[in-house]
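Structure first, commentary second.
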Amino acid sequence: MFGNEELRGPRRRALHRIAIHVALALALVLGAAWAAIQPAEALPSFARQTGQPCSTCHTAFPQLTPYGRRFKLLGYTTTGGAYTFPPYPPLAFMLQSGFTHTNSDQPPPGGDFNSPNNWTDLAQQFSVFWGGKITDHLGAFVQTTLSYDGGGAAFGWDNSDIRYADTATLAGHDVIWGLDFNNNPTVQDPWNTTSAWAWPFIASTFQPGPYAATLIDGPFGGLLTPGNALSAGGYVFVDDSYYAELSLYKTPTYNFQTHMGDCCASDLLGNNITFDGPAPYWRLAVEKNLGEHSIMVGTYGMLASVTPNDISGFGTDKYLDVGFDSQYQWIHEKHAVTLRANYVLERQQFDNVLSQGVASNHIDYLQSLKLQGEYVYDNTYSFGAGYFDIRGTPDAGIYQGNNGVPSPNSSGFVFDLAYLPFSHGGPKIWPWANTRIGASYTMFTRLDGLTKNVDGGNLSASGNNTLFLYAFTMF
Amino acid sequence: MRPIVTNLAIVVTALAALGPLRADELPVRNCTWCHGTSAQGLTVAPRLAGQREDYVVHQLQSFAAHKRDDFLAEKYMWSATANLDPVTARNLAAYFSSLAPRAANDGESELVAEGRAIFENGVPTENIVACQACHGPEAQGVREIPRLGGLSFTYLKQRLEQWNEGHDALAAPMPKVARSLSPNRIAALASFLSFVGGETAEK
């Protein structure tokens, strides 16, 4: 995952040491090759396969351009480069390193990180990808991640999206159609307004954040993370403008999720989320492109019946998420502007946890709003700013962990400044490498209903403001 | 684990039924992921449908040789043609030329009359040649001379501006022709041409 969702799993220090050694070795290799410059690319395996530079599909990765969205909808199968599968496997790698400082000291994260502030994590995430075609119409983006959060390293199945896609002409209309199989709702979405590929594209493992999130989105992602739900679905994109998708999600067994590195998604009470039957996910969007302008307006959502902890006898909790989103892009030669808006309304009907006597209300609502703008110059310098707000029905049962304040309400701002030095030239020995070196600052104006005493002590909401310095490298 | 295995079996069966191992004879989608699903143009990428086969081949050669050197050509097409063999280039050009073109109809309609006048008659007093002399009365092109009718306003305007800026200098006679066109006349020509072959042009 690119976000800040904490990977849970077995603690494996040996794997962590391997990750650090790999990181250092690669840093040396890349450093030695620094002086030799060649044209550079983005998700390196996609770049090798298509022959295109990163800037064809990304303004500043991972933000997609109109062409990047079509590459994805066509199943990651288009080629044009010198290195395609077979025989060249479309493998790529990612390393995320960071330094985190919070405004006020925090409880130590534990493990190797026993200080109350200023954590340096050289291998926050190390990923291996299969990113590209398998056959002319079948392609995959499959990420596995070794993550490290201080307690130990965890190896897990990360964002994965497998597609079969083709084009057709129906009644005079151009159609891209496909079948899609993925492990995280919205990972299949080609717009960066939905949660799996939402801005900010990288955040600290240690960043404090709001307690509340909807099933499919929130200020920093939804409750479901990669591997917690598996889908089968289909989509059409008509006349390069009208997108419709329907997918059905099921939660794998706890055993399977544990084996894949992350069991399981938790509801707001900390219960494991198990879907009772397939959960439909839908998506409708209109994207209009005129010259250098591209605008999308869309809606999406999910309906899930959840049996908390898979314990029968209390009925199911029903979650209905309905989202509305919009993205505008203007890409003029070296200038790229992207504006995004996302709003999700979630209706929670707690038949189960109410009858268990845990929730206070039968029906709660939760609303998540995100507004963002990003400017990129020459695919090299990126500045982004965003506002987030999550609010909902006070529920003393659901939000009992919030220091006696039964409110999910949080809001704040995020700023991100990044430098992508290899957008026009990577190391000669591996010209497809790219890196995003940046600083982000997350400001909380309200956290879990409070502006002050958010920890029950003297910590103010702004005490959780987080400075994150990072290096996000793809190779 | 059983449901997962069952699901995977269903997926594999479905994919097998759909023939994912089928290989394409011509890598059309390598072009259409940017130029639009039926090559009618998308954002800044021009329409390829109905374009003259010889013109497309010649342009692909120009991109590969870095002779066509405007910003967008360098950004997208240099790398797109770097590994393109001549036979595939010719076959792709023949395929796209066989598709029926649709007019973009995205110019400024109030400029159409002025654009039509320049296209049909030129501006004799300023030594501006009539476009139709080479591109044909329906702006349909011939051999290496491109079809202009119905290309998008943005593309036509940018192309004429690029010659004014000194790009693609070897594409005689267009650099010289474009230099004699003012920004207003470029906008008028691009507007008129964007409707040619479309419904609006008939009215």
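The values are calculated or read from the model by the stated rules, or taken from the named source; none is laboratory data. Worth saying up front: this structure is predicted, and the values here are computed from it rather than measured. Here the Cβ positions follow ideal geometry from the backbone for every residue, glycine too, while neighbour counts run over all protein chains shown.
Can you work out which of the residues in region A:273-290 that are touching an Asp or Glu at 6+ places or on another chain (Cβ under 8 Å) and without any contact (Cβ under 8 Å) to a residue 40 or more places away in the chain is nearest to A:Tyr67 (Cα to Cα)?
Of everything passing the filter in region A:273-290, A:Leu290 is nearest to A:Tyr67 (Cα to Cα).
Identify the single condition in (1) crowded, with 24+ Cβ neighbours inside 10 Å; (2) part of a strand (DSSP E or B); (3) under 21 Å from the mean Cα position of the chain (by Cα) that A:Phe237 does not satisfy, given that it satisfies every other one.
Tallying (1) crowded, with 24+ Cβ neighbours inside 10 Å; (2) part of a strand (DSSP E or B); (3) under 21 Å from the mean Cα position of the chain (by Cα), A:Phe237 fails exactly one: (3).
Name the strands (runs of 3 or more DSSP E) wholly inside region A:99-184 in which the number of residues that are more than 10 Å from every other protein chain (Cβ to nearest Cβ) and of a type in the set (Gly, Ala, Ser) is 2 or more. If you could, list the steps in order and put the result at the bottom.
Values: elements: A:119-133, A:138-148, A:153-170, A:173-182.
Ranges flagged: A:119-133, A:138-148, A:153-170.
Looking at B:Ala93, B:Ala73, B:Ala103, which one is under 23 Å from B:Ser194 (Cα atoms), assigned to a loop (DSSP other than H, G, I, E, B) and either basic (Lys, Arg) or outside the structural domain of B:Thr154 (by TED's automatic domain parsing) (or both)? Lay out the reasoning, then the answer.
Details: B:Ala93 fails: assigned to a loop (DSSP other than H, G, I, E, B); B:Ala73 fails: assigned to a loop (DSSP other than H, G, I, E, B).
Matching residue, one of B:Ala93, B:Ala73, B:Ala103: B:Ala103.
For region B:44-70, what are the residues that are aromatic (Phe, Trp, Tyr) and either in contact with a helix residue (DSSP H, G or I) (Cβ under 6 Å, 6 or more places away or on another chain) or without any contact (Cβ under 8 Å) to a residue 24 or more places away in the chain (or both)?
Result: B:Phe63, single match.
Just to be sure, is B:Ala73 within 8 Å of chain A (Cβ to nearest Cβ), among the hydrophobic types (A, V, I, L, M, F, W, C) and closer than 22 Å to A:Gln49 by Cβ? Break it down into steps so the answer makes sense when it comes.
Details: within 8 Å of chain A (Cβ to nearest Cβ): no; among the hydrophobic types (A, V, I, L, M, F, W, C): yes; closer than 22 Å to A:Gln49 by Cβ: yes.
No, not satisfied.
Filter region B:151-169 for residues that are surrounded by fewer than 19 Cβ atoms within 10 Å (Cβ to Cβ) and in a helix (DSSP H, G or I); which is nearest to the other protein chains (Cβ to nearest Cβ)?
Among residues in region B:151-169 that are surrounded by fewer than 19 Cβ atoms within 10 Å (Cβ to Cβ) and in a helix (DSSP H, G or I), the one nearest to the other protein chains (Cβ to nearest Cβ) is B:Glu161.
Return the pairs, sorted by first residue and then second, in which the second residue is β-branched (Val, Ile, Thr) and crowded, with 20+ Cβ neighbours inside 10 Å, the first residue lies in region A:73-88 and is within 9 Å of chain B (Cβ to nearest Cβ), the beta carbons are less than 8 Å apart, and the residues are 6+ apart or on different chains.
That search, which allows pairs on different chains as well, returns A:Leu73/A:Ile176; A:Leu74/A:Ile176; A:Thr78/A:Thr50; A:Thr79/A:Thr50; A:Gly80/A:Thr50; A:Gly81/A:Thr50.
With respect to A:Asn228, is the statement that it is within 11 Å of chain B (Cβ to nearest Cβ) and either over 23 Å from A:Ala285 (Cα atoms) or surrounded by fewer than 21 Cβ atoms within 10 Å (Cβ to Cβ) (or both) true?
Working: within 11 Å of chain B (Cβ to nearest Cβ): no; either over 23 Å from A:Ala285 (Cα atoms) or surrounded by fewer than 21 Cβ atoms within 10 Å (Cβ to Cβ) (or both): yes.
Here the answer is no, as A:Asn228 does not meet what is asked.
Considering only residues that are aliphatic (A, V, I, L, M) and in contact with a Phe, Trp or Tyr (Cβ under 7 Å, 6 or more places away or on another chain), which ones fall in region A:194-210?
Passing the criteria: A:Ile202, A:Ala203.
Quick one: is B:Glu110 touching a Lys or Arg at 6+ places or on another chain (Cβ under 8 Å) and farther than 29 Å from B:Trp78 by Cβ? Reasoning before the result, please.
Details: touching a Lys or Arg at 6+ places or on another chain (Cβ under 8 Å): no; farther than 29 Å from B:Trp78 by Cβ: yes.
When the stated conditions are applied, B:Glu110 does not pass them.
Could we say that A:Ala336 is more than 30 Å from A:Phe61 (Cβ to Cβ) and either part of a strand (DSSP E or B) or more than 26 Å from the chain's Cα centre (by Cα) (or both) here? Spell out the reasoning first.
Numbers: more than 30 Å from A:Phe61 (Cβ to Cβ): no; either part of a strand (DSSP E or B) or more than 26 Å from the chain's Cα centre (by Cα) (or both): yes.
Considered against the rule, which asks whether it is more than 30 Å from A:Phe61 (Cβ to Cβ) and either part of a strand (DSSP E or B) or more than 26 Å from the chain's Cα centre (by Cα) (or both), A:Ala336 comes out as no.
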